[in-house]
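Novice: Have a look at the structure that comes next, please.
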Amino acid sequence: MKITKPLIVSISLIPFAAHAGLADKGGLSGEISFIGGMTSTDSNLSTKGHAKKDAPLNSEGSQETDSIFGVLGGLSYTFGQGLDKQIFVGTSRDDIAVGTIAMELGYRQALDSGTRVSVSYLPTVLATDVWKDPFAVGTPRSKTEKSGDAYRLQLDRIGGSMLSLDIAYAQTDIEHEQSGRSLGLSTNDQQSLKRSGDTFYSKLSYRQFLGKGLGITPAFIYMNNESDGDAMSHQSYGGELSYFSFAGRNKIVLTGKYHSRDYDAPHPIFGAVRHDREYSAFLAYEYAHLFEVQPLSFVTLAGYNNTDSNIDFYNASELFGSVGVTYRF
């Protein structure tokens, strides 16, 4: 799921285990990851960049480099006859392996048909900084907080097949919305730039094995964002293709994504209906049994994301890489 687009992620990879239950053993299990790396961002919307936007407004942002450090993980408690019930909290390995992070609390049930049903709640653990008015020119922009909650339903291995469905509903709130105020826009035009709103997300995927420890997972993604402002509301269609290879201690997942976003109304500042195309690639690698310690793994990842918009102000790119270790228990 990609309700938001964070880059700092925990690097555990999907085990693709084939056991009948939800875990190898009952009771409490989990993992913790320590990571560090660098990220380079070129975006007018990133608060990591310069607070002051120079003229002309409709131009690309400046490139900024920053270090990233994080401690993330997850816990699960598996119980029931045949280990068919599970309570979990933390980050999903399926999300992590394709470059998305979502902290969630939920319940998972394995059905007799082979389907695995998960329901979860994704709270705002840490609010994200955004610009109060991204369009201010010649004066330092000030920050505010973007927060929100999401509710998620996942159907994995539907009917015992390799077909999965992931749907979610999210609410987003910008605490102090001031988009367009510095330019003296009318009340109606400022209203059309409001970013708070509701989002519906869906993803249909199918896992196809190509051999022992090898396979691909194509997916189709649809997202509908109903923002308070018409110029910020949009629909997004996209595709995703993941390749995985697990051989001995080495595990690798390579994912490519493409999304096309069409907005509902003309942008009151730039005079055009916004259209974005987004391309991204993500590579995750794990080397198990580091230093011959079975629960310890070396992990690394690299990713690139590029947004190409018909409005230059929204063009953006992001490149990052990190290494770390994961301990499972």
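Novice: Please enumerate the residues belonging to segment 122-133 that are among the polar types (S, T, N, Q) and either outside any loop (DSSP other than H, G, I, E, B) or under 18 Å from Ile269 (Cα atoms) (or both). Don't jump to the end; show me each part of the working.
Specialist: Step one: filter segment 122-133 for residues among the polar types (S, T, N, Q), giving 124, 128.
Answer for segment 122-133, where residues must be among the polar types (S, T, N, Q) and either outside any loop (DSSP other than H, G, I, E, B) or under 18 Å from Ile269 (Cα atoms) (or both): just Thr128.
Novice: For the subset of segment 122-173 comprising residues that are under 17 Å from Ser46 (Cα atoms) and of a type in the set (Phe, Trp, Tyr), which member is nearest to the chain's Cα centre (by Cα)?
Specialist: Top of the filtered list is Trp131.
Novice: Moving on to the next point. Considering only segment 263-271, I want to know if a residue exists there that is surrounded by fewer than 20 Cβ atoms within 10 Å (Cβ to Cβ) and on the phi > 0 side of the Ramachandran plot.
Specialist: yes
Novice: Against the definition (surrounded by 19 or more Cβ atoms within 10 Å (Cβ to Cβ), within 26 Å of Asp54 (Cβ to Cβ), out of contact with any strand residue (DSSP E or B) (no Cβ under 6 Å at 6 or more places or on another chain) and not β-branched (Val, Ile, Thr)), how does Leu193 come out, yes or no?
Specialist: yes
Novice: Oh, and also: Which of (1) more than 30 Å from Ile311 (Cα to Cα); (2) surrounded by 15 or more Cβ atoms within 10 Å (Cβ to Cβ) does Gly61 not meet, given it meets every other one?
Specialist: Going through the list (1) more than 30 Å from Ile311 (Cα to Cα); (2) surrounded by 15 or more Cβ atoms within 10 Å (Cβ to Cβ), Gly61 breaks only (1).
The numbers here are math on the coordinates, done by the rules we state, and not lab data. Being a predicted model, the structure only gives us computed values, none of them experimental. Here Cβ is always computed from backbone atoms with ideal geometry, including for glycine, and neighbour counts include all displayed protein chains.
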